[in-house]
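Chemist: My questions will all concern the structure given below.
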Amino acid sequence: MSQKHLVDAPDDGGDTLTSLNDNGFLIPNFPDGQGIQGVRSVRIRDDDVLICTFPKSGTHWVWEITRELLTGEITHDDVTMSQTFMEMVPEERYADLPSPRILSSHLRMKHLPDDVLNKKIKVITVLRNPKDTAVSYYTFLKTIPFAKYKGEFKNFLRPLFQGKFMYESWMDYVLDWELVKKTNPDQPVLTLFYEDIKQDQMREMRKICEFLGVERTDDFLSKVCDNTTIAAMRTHKNKGHDRSSVFRKGGVGDWKNWFTVAQNEWFDQFYQEKMADCPLQFKYTLLSTDTVH
């Protein structure tokens, strides 16, 4: 039997952030959300593509890039990954979409339908350095009415990484997906890094094309680059919607404008303790000369 209740978790300053405890895991209290049990029962097709991320790791961006690469069409509509965001919208809203569908979720593998593994559908995971993720998540949560959060960043950081807010620990999320890949070596999973896409989007899109089994010309890839900039997506994704908070900055290294020296030292120590056995390396800054468009 499903057990759900709201949780008001305090930050270090006493301000609270509201999440939904859904059978022991914290998720957003989406107005139309179907919850973890609803996600588990989603009917998965053999050719579905699933994009899995921790919040604010480039989900909307990579979803749109993947859609254009998969369909071979440059789109200027206001459709976003929210259309197929599994825990936020009921299945009936995307059940009849033509194949191949691109689904998305911030949940862990254990929360997803069994057929993700049973049917070995293609999964794209996107990882972003945790410091920029924290800043982007903080600014985003301040705009979400059902989170009811008014706190300051200095009080947000520690409980965030301790897993006290919705979707819980970034560290656990990353480690969980590494374990999934290790224990399911025949599952097709492509792991992308947000910073690598920012650095050289053409190169990373070629990886996506190869993973999806599609061939696209360099000219087409260049058009996808132009159509998926933050500015371009703000323009054609905000039609009739207020999605300005979704497409904020999209940069690398903004954390330096937010973290104090003490916070940075605390985080680095905490990261070492939690991620000592994780081989992944994250980029926390990009030199302007490193970026290729």
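Chemist: So who's got an amide H within less than 5 Å of the one on Thr125, skipping anything under 5 residues away but keeping other chains? H placed 1.01 Å off N, in plane.
Modeler: The answer is Cys52, Leu190, Thr191, Leu192.
Chemist: With N denoting the number of residues in the range 39-79, provide Rg(C-alpha) divided by 2.2 N^0.38 Å, to two decimal places.
Modeler: Rounded to two decimals, the normalised Rg is 1.34.
Chemist: Given the pairs Lys4/Lys56; Lys154/Lys223; Lys4/Lys142, which span a C-alpha to C-alpha distance of over 31 angstrom in this model?
Modeler: Those over the limit are Lys154/Lys223.
Chemist: Taking Lys256 as the anchor, which aspartates and glutamates have their alpha carbon closer than 12 Å to its alpha carbon, excluding any fewer than eight residues away along the same chain?
Modeler: The qualifying aspartates and glutamates are Asp132.
Chemist: Another one. Net charge near Met275: determine it from the other residues with C-beta under 14 Å of the C-beta of Met275, scoring Lys and Arg +1 and Asp and Glu -1.
Modeler: -4
Chemist: With all pairs of different alpha carbon atoms counted, what Kirkwood hydrodynamic radius in Å does the chain show?
Modeler: One decimal place: 19.8 Å for the Kirkwood radius.
Chemist: How many angstrom separate the Cα center of the range 196-221 from the Cα center of the range 1-27?
Modeler: Centre-to-centre distance over Cα atoms comes out at 39 Å.
Chemist: To continue, here is another question. Starting at the first residue of the range 118-127, write each ³J(HN,Hα) from the Karplus equation 6.51 cos²θ - 1.76 cosθ + 1.60 with θ = phi - 60°, in whole Hz, x for Gly and Pro.
Modeler: 4, 8, 6, 6, 6, 10, 10, 9, 10, 10
Chemist: Relative to the Cα centre, what is the charge dipole magnitude of the chain, using +1 at the beta carbon of each Lys and Arg, -1 at the beta carbon of each Asp and Glu, and rounding to the nearest 20 debye?
Modeler: It comes to approximately 320 debye.
Chemist: Treating the Cα atoms of the range 11-138 as identical point scatterers in vacuum, please give the log10 of the normalised Debye intensity I(q)/I(0) at q = 0.19 Å⁻¹, two decimals.
Modeler: Result of the Debye calculation: -1.17.
Chemist: Ok, one more. Arrange the following residues from fewest to most other Cβ atoms within 10 Å of their Cβ: Ser82, Ser99.
Modeler: Listing Ser82, Ser99 from fewest to most nearby Cβ atoms yields Ser99, Ser82.
Chemist: If you take the Cα atoms of the range 94-248, find Rg, then find the Kirkwood Rh from the mean of 1/r over all pairs, what is Rg/Rh?
Modeler: Result: Rg/Rh = 0.97.
Chemist: At 4 °C and a viscosity of 1.567 mPa s, what translational diffusion coefficient does Stokes-Einstein give for the range 129-221, taking Rh as the Kirkwood radius over Cα pairs? Give it in µm²/s as a whole number.
Modeler: In µm²/s, the coefficient rounds to 81.
Chemist: Determine, for Cys278, Cys209, the number of other Cβ atoms within 10 Å of each Cβ, and report the residues in order from fewest to most.
Modeler: Cys278, Cys209
Chemist: Hey, another quick one. Using Cβ counts within 10 Å as a stand-in for footprinting exposure, how do Asp186, Asp78, Asp11 rank, fewest first?
Modeler: Ordered by Cβ neighbours within 10 Å, fewest first: Asp186, Asp78, Asp11.
Chemist: So which helices of the chain fit the span-like rule, where a helix is a whole DSSP H run, its Cα atoms reach 24 Å or more along the axis, and its mean Kyte-Doolittle is at least 1.0?
Modeler: none
Chemist: Still on this structure: Using the structure shown, list the pairs from Lys120/Lys274; Lys181/Lys207; Lys122/Lys283 with a Cα-Cα distance above 22 Å, or answer none.
Modeler: Violating the 22 Å Cα-Cα cut-off are Lys120/Lys274; Lys122/Lys283.
Chemist: Give me the compactness ratio for the range 144-197, meaning the Cα radius of gyration over 2.2 N^0.38 Å.
Modeler: This ratio for the range 144-197 stands at 1.53.
Chemist: If you wrap a convex hull around the C-alpha atoms of the range 60-110 and split its volume per residue, what is the figure in Å³?
Modeler: With only Cα atoms used, the range 60-110 gives 97 Å³ per residue.
Every number here is computed from the coordinates shown, using simple stated rules; none is lab data. What you see is a predicted model, and the numbers here were worked out from it, not measured in a lab. Note: ideal-geometry Cβ built from the backbone for every residue, glycine included; neighbour counts use all protein chains shown.
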